[in-house]
Amino acid sequence: MTVPGHVEVRDGNLAIAGHDCVDLAEEFGTPLYVTSADRVRENYRRIRDAVEAEYGGGVRVHYACKANTNLSVLRILEKEGGHIDAVSLGEVESALRAGFSPDRILYTGTAVSTEEMEGVVARGATVNVDSMDGLERLAEAGGEGFSVRINPEVGAGHHDHCITGGPDSKFGVWEDDAVEAYKTGKELGLEPVGIHMHIGSGILDADRFVPAVEKMMEVAGRVADEADVEFEFIDIGGGVGIPYRPGETPLDVEDFAEKVVTAFDDGLEEHSLGKPALAMEPGRYLVADTTLLLTRVSTVKETPFHTFAGVDAGFNTLLRPAMYGSYHHVFNASNPDGEVGEYGVAGPVCESGDLLARDREIPEIRRGDTLAVRDAGAYGFAMASRYNSRPLPAEVLIAGEPRLMRERESLDDLFERQV
Ligand SMILES: Cc1ncc(COP(=O)(O)O)c(C=O)c1O
């Protein structure tokens, strides 16, 4: 299988960004998230450069920060000149604390409370409304510019839970109501600045984006024409996947850029939309493969049917396998060249669904080994919980010498807010 360049076997152990995973586990304890700062930059530049090379206008890469909101990760992307896609007041606040100016933050909430709307407006982020009544509340909160999230009738994604467009999606304003939404916004004294859609997540085939972009441009054209709107940006959303499984082909970014920008440009011309900024919102693509989750083997258990390697990271630490049935590749960082056996990798949570991997071929696992779960940088720590009263894990950033970017919680932290 192809391993990303920043993860390799070195001197008999697995290493990330040149640092031995077994040593990192020893130094910082487990479970531990370890992120390569260089890889974050590389991923960001790869997709930005590809799209910029194709598009003659401005390109805004809004990092969908729900994937990973650690301030150290956000700061890397801030310095790169990125923008932010935030879905909560907490994410807006995180982006501001990481140094993003409010004009680089687009807030796309859903089921937005009035309090949250007011908080976002007070912080100066642009609001991308998700419903007709969101426009009224934005105006009441003193908002100025607005954009509308359109549900474009087409959806795609790696799991039903991740399809965010189409007839069954809770998100956005149905495309037939788009013109009405912009007219209403203008009547309320708001200034239309953009239009947005997002069809789903984990998409590896560039062709899947094309009909959605075409639809977006058609809707944008109708809005421009019938509601007399000139867009500063048109946002095609996120959803770019990564190859979690060995043998999956990564998205060809040049092909993606070429196809998406062609559909975008054709739409601009056909519908006389001028040259707005092309905005996009990759989340997982920027951060997923930057991070390994290191976990230590506490027991190896044989049953008549399976061999389970019991580890100290479970769905409290990495939820995706239990929640979506997602595949995350597991390395034996202590014994990468050992004889391959078949294992279930079982977490410590008291639930039978707490398996990070099932019936998986992994080099021989011994008690005390350090395992490395790949592609844990997106929706990893961000979805971690204290379920079973287990404190949250630590996070390390490698930018030069490895250092903590989040301390491990203690048992005392579990009780901090109880009264
Ligand atoms: C509005 C919006 N933008 C961006 C994303 C990021 O998706 P991904 O991490 O798959 O790129 C999502 C995820 O559902 C989303 O809803």
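Nothing in this text is a laboratory measurement; each read-out follows from the coordinates by a stated rule. Please read all numbers here as calculations on a predicted model, not as lab measurements. We place every Cβ from the backbone using ideal geometry, glycine too, and count neighbours over all the protein chains shown.
So, in Å, what gap is there between the alpha-carbon centers of the range 1-68 and the range 166-212? Computed from Cα coordinates, the inter-centre distance equals 31 Å. Here the sum of -39500 (n - 2.57) over DSSP H runs of 4 or more residues, divided by the residues of the chain, equals -8500 deg cm²/dmol at 222 nm, to the nearest 500.
In this Cβ point-charge picture (+1 for Lys and Arg, -1 for Asp and Glu), the chain has a dipole of about 1360 debye about its Cα centre.
A straight Cα-to-Cα reach below 29 Å connects Lys79 with the lysines Lys66, Lys259, Lys275, residues fewer than 8 places away in its own chain not being considered. Sparse packing (at most 16 other Cβ atoms within 10 Å of the Cβ) combined with a DSSP loop state is found for the following GluC sites (Glu not before Pro) in the range 23-97: Glu80. Ordering Ala37, Pro243, His83 by the projection of their Cα atoms onto the charge dipole of the chain, which places +1 on the Cβ of Lys and Arg and -1 on the Cβ of Asp and Glu, puts Ala37 at the extreme positive end.
With the Cα gyration tensor of the range 318-361 giving a ≥ b ≥ c as the square roots of its eigenvalues, does the rule (a/c under 1.5 for rounded; else a/b larger than b/c for prolate; else oblate) give rounded, prolate or oblate?
Values: a/c = 2.23, a/b = 1.94, b/c = 1.15.
Cα axes put the range 318-361 in the prolate bin.
Long hydrophobic helices in the chain: the complete DSSP H runs spanning 15 Å or more by Cα along their own axis with mean Kyte-Doolittle hydropathy of at least -1.0 are 209-226, 253-270. Take each peptide in 311-317, 326-332, 123-129, 186-192, count the other Cβ atoms within 10 Å of every residue, and average; sorted highest first, the result is 311-317, 123-129, 326-332, 186-192.
Looking at the chain as a GNM with Cα springs under 10 Å, which of Tyr244, Tyr182, Tyr387 has the largest mean-square fluctuation? Taking springs between Cα atoms under 10 Å, the residue moving most is Tyr387.
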